[in-house]
Amino acid sequence: MASILVSSSEKYSGKSSICMGLGKIFRDKGYKIGYMKPVGNLLIDVNGSLTDEDAEGIKEMLGLDDPTKLITPIHLTDSLIDDALKGVKKDLDERLLEAYSRISEGKDFILIEGTGGIGGGAMYNLSDPEIASKLGTKMLLITRFDSIYAVDRILCDLRIIQDQNILAGIILNEVPSDMMGRVTELVIPFLEKKGIRVFGMLPLDETLRSVPISEIVEGLRAEVLVGADKLEEFVDNYLVGAMEAGSAIKYFRRIPNSAVITGGDRADIQMAAIESKVKCLVLTGNMLPSGAVLASAEEADIPVILVRGDTMTTIERMEELIGHAHIKQQVKLDRIVDLLEKNVDLRSIAESIGLEF
């Protein structure tokens, strides 16, 4: 039985998306796969039980039937943290090993997802390298290549891992198009000279960063004023309408598939956004727009949602939603599979853990 632990240099690296894509690819190759996220850090309530949001999404999208309590046997609660800081002994290793043993039954390949960044969980001896060591598996490191300083993060990660033999290799994720050449010509050769195997790089992709308007409504706890039948449309970006209307139209048209955030009292900006065919209008301050704005938006099939918070608070929340969206739609799963198949040496990943591909 083969396994690999998918870790990351930082939060929101795309680790969960890549786990899901790899799971589908290997399943479609005929392997019976299992999945674990040993330490759940994004806790949600599902039918009265705590579970991890990423783990629940992957379980659903891949059609896995293992019990949730085995997929995520340890929950990162305040109580767990307090006990770790007080030195209270817990049965965490036993829980980890028992869950892994049961998940592995009848499986060919187990994907293990790390917790947040690579060092997360060190206070209770369950950082990603420690989990990999305890389970006898290798690590696949995902690094979001947002700047050249991602190289520093990778080298620091190696020092956390300590035993470089435990690292199968890395995938550079979300590489901007204007950095592709530099990464290919300079970064990858540099890393390989350091003994770090680079399995591939994935380009920054708007489909994976996008989020349906329904999730924006949920995340902002917003009220839908018009356009309730358009909530499954995808938003790629958000824009802030805080300028004069003439400039706003040019601004909005320059960046398509965007949600515009503006005050409920800015009828001029609202009408400019509607004229520019934006994807969604997000009105702040719990201020209802005019009937003319709502009628125009309805005619243009543009959802208008109302939030209680101020503009700055809404911007902060939108920043969390867009670009950090979870894969919950088949179109996104299909997209990550396509990107992995075109840009990553999947055969070498398989060979590194003893699988044929």
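Where a number appears in this text, it was derived from the coordinates with a stated rule and is not lab data. Everything quoted here is computed from the prediction, not taken from an experiment. All Cβ positions, glycine included, derive from the backbone under ideal geometry; neighbour counts span all protein chains shown.
Axis angle, to the nearest 10 degrees, between helix 150-161 and the longest C-alpha principal axis of the chain: 40 degrees.
Sorting the segments 109-118, 145-154 by their residues' average number of neighbouring beta-carbon atoms within 10 angstrom, most packed first, yields 109-118, 145-154. Ranked by the mean number of other Cβ atoms within 10 Å of their residues, highest first, the peptides 38-51, 261-274 come out as 261-274, 38-51.
Evaluating 6.51 cos²θ - 1.76 cosθ + 1.60 at θ = phi - 60° for every residue in the stretch 90-98, the Karplus couplings come out as 10, 9, 5, 4, 5, 4, 4, 5, 5 Hz, glycine and proline recorded as x.
About its Cα centre, the dipole of the chain is roughly 800 debye, where the only charges are +1 on Lys and Arg Cβ and -1 on Asp and Glu Cβ.
Sorted on the mean count of surrounding Cβ atoms within 10 Å across their residues, most packed first, peptides 282-289, 156-163 read 282-289, 156-163. Please label the shape of the stretch 211-321 as rounded, prolate or oblate, based on the square roots a ≥ b ≥ c of the eigenvalues of the alpha-carbon gyration tensor (a/c under 1.5 means rounded; beyond that, a/b larger than b/c means prolate, else oblate). It comes out rounded by the Cα gyration axes.
The residues packed around MET287, meaning those with a beta-carbon under 13 Å from its beta-carbon, carry a net charge of -1 if Lys and Arg are +1 and Asp and Glu are -1. Summing Lys and Arg as +1 and Asp and Glu as -1 over all other residues whose Cβ lies under 11 Å from the Cβ of ILE131 gives a net charge of -2. Computed from phi, the 3J(HN,Hα) profile of the stretch 166-183 under the Karplus parametrisation 6.51, -1.76, 1.60 (θ = phi - 60°) reads 6, 8, 5, x, 10, 10, 8, 10, 6, 7, x, 4, 6, 10, 4, x, 5, 5 Hz, with x in place of Gly and Pro.
Within straight-line reach of LYS90, meaning a Cα separation under 12 Å, sit the following aspartates and glutamates at least 8 residues removed in sequence or on another chain: ASP82. Taking a straight Cα-Cα cut-off under 26 Å and skipping sequence neighbours fewer than 8 places away in the same chain, the lysines within cross-link reach of LYS342 are LYS11, LYS15, LYS24, LYS29, LYS32, LYS59, LYS138, LYS193, LYS194, LYS328, LYS332. Note on the stretch 24-145: the alpha carbon radius of gyration divided by the globular reference 2.2 N^0.38 Å gives 1.05.
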